[in-house]
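K.L.:
Pasting a structure below so you can have a look.
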Amino acid sequence: GGTVDLAVETVNFYEAPADPERRSADPMRVHWSPRARGVERDSEDGWLFTGRAEVMRTLIGWLEERETTDRRPRIVTGAPGSGKSAVLGRLVTLSNPQERARADVDAAPRDTLPRVGLVDAAIYARSATLQDVVEDLGRALGRPEGSSVDDVLLALDEADGPFVVVVDALDEAIEPEV
C-alpha cells in the first residue's frame, strides 16, 4: 500500500447518499474490526494488518502523553487505499477490551499496540448527519439520546481529563462541511 502521513490537509468533500441502515449497523462489526484486521468483512478470519508501525508509534505516543503535552487534534491523511482506516481501526479495536481479547497481536511490536481504554469513543461518520455524530458522541459521554451540541460540549468540559475520539470517514458524512 501507500504511505500514511500525519498532516493537516485540505480535503475535497462530497455529499454521501443517506444510509437508512446506518443507525442499526454495529460500527465495530461493519467498519472498525474489518479495517483493523485487513479483511473485507468481520466474518472473515485473520489479522492481516501489517506495516504502518511508525504511524502507530507516533499516534500512540501522542495519545499516551496527551494530558501533559500537545493536545491539538491529529488528522491522518493519505491517498485512497493507503491504510488510513486500517490505522484508525487498529487504534479503536485494540483499545476496546473485548476486541483486544480476540485480537491476534502476538507478532506485533509492543510499541505499536495501544493500551486498552486509550480511545474513549469511535465514530464512523460515513452517511452520518451532524446530529448523528453529536448523538454518537453524546452516547459515548453517557448523555441521553437526542443530545444537543451544547449537551455534548458540556459533557466534554466536565470529563476527567482528555476524552479521545477517533472519527473516520468524515469526508463521507452527509454534512461534512459542518
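K.L.:
Sum up the charges of everything whose Cβ sits under 13 Å from the Cβ of ASP42, counting Lys and Arg as +1 and Asp and Glu as -1, but leave ASP42 out.
P.N.:
Neighbour charge sum, excluding ASP42 itself: 0.
K.L.:
OK, next. Output wanted: per-residue J couplings in Hz (rounded whole) for the range 119-134, from phi through Karplus 6.51 cos²θ - 1.76 cosθ + 1.60, θ = phi - 60°, x for Gly and Pro.
P.N.:
Karplus values, whole Hz, x for Gly and Pro: 9, 8, 8, 10, 10, 9, 8, 4, 6, 8, 8, 4, 5, 4, 5, 4.
K.L.:
Loop-only GluC sites (Glu not before Pro) in the range 49-144, please: DSSP not H, G, I, E or B, and at most 15 other Cβ atoms within 10 Å.
P.N.:
GLU65, GLU67
K.L.:
Moving on. Quick check: from the Cα gyration tensor, does the range 83-144 come out rounded (a/c under 1.5), prolate or oblate?
P.N.:
prolate
K.L.:
Run the numbers on the range 36-178 and let me know its relative contact order in percent, using alpha-carbon pairs under 8 Å that are six or more apart.
P.N.:
24
K.L.:
Put +1 on the Cβ of each Lys and Arg and -1 on the Cβ of each Asp and Glu in the range 56-135; which of VAL76, PRO114, SER127 then has its Cα farthest toward the positive end of the dipole?
P.N.:
My answer, from the dipole projection, is VAL76.
K.L.:
Rounded to the nearest 0.05, what FRET efficiency is calculated for THR77 and THR129 with R0 set to 22 Å and r the Cβ-Cβ distance?
P.N.:
E(calc), rounded to 0.05, equals 0.40.
K.L.:
Something else about it: Check VAL166: other-chain or 5+ apart residues with amide H under 5 Å from its amide H, H built from backbone geometry?
P.N.:
Hits under the 5 Å cutoff: ALA121, ALA122, ILE123.
K.L.:
Next question. What is the magnitude of the charge dipole of the range 85-178 about its Cα centre, with +1 placed on the Cβ of each Lys and Arg, -1 on the Cβ of each Asp and Glu, and no other charges, expressed in debye to the nearest 20?
P.N.:
560
K.L.:
To the nearest 10 Å², what's ASP104's accessible area with a 1.4 Å probe?
P.N.:
Roughly 90 Å² of ASP104 is accessible to a 1.4 Å probe.
K.L.:
Once R0 is set to 35 Å, what does the formula 1/(1 + (r/R0)^6) return for the Cβ-Cβ distance between ASP111 and SER148, expressed as a FRET efficiency to the nearest 0.05?
P.N.:
Efficiency, rounded to the nearest 0.05: 0.30.
K.L.:
How large is ³J(HN,Hα), in whole Hz, for each residue of the range 151-161 in order, when computed from phi with the Karplus curve 6.51 cos²θ - 1.76 cosθ + 1.60 and θ = phi - 60°, using x for Gly and Pro?
P.N.:
Karplus-based 3J(HN,Hα) across the range 151-161 equals 4, 5, 4, 5, 5, 5, 5, 7, 5, 7, x Hz.
The values are calculated or read from the model by the stated rules, or taken from the named source; none is laboratory data. Note that the coordinates shown come from a computational prediction; the quantities given were computed from them, not determined experimentally. Because the Cβ atoms are built from the backbone with ideal geometry, glycine has one as well, and the counts that use them run over all protein chains shown. Remember, those area values only see protein heavy atoms, side chains included, never the ligands or the DNA or RNA. Shrake-Rupley method; radii C 1.70, N 1.55, O 1.52, S 1.80 Å.
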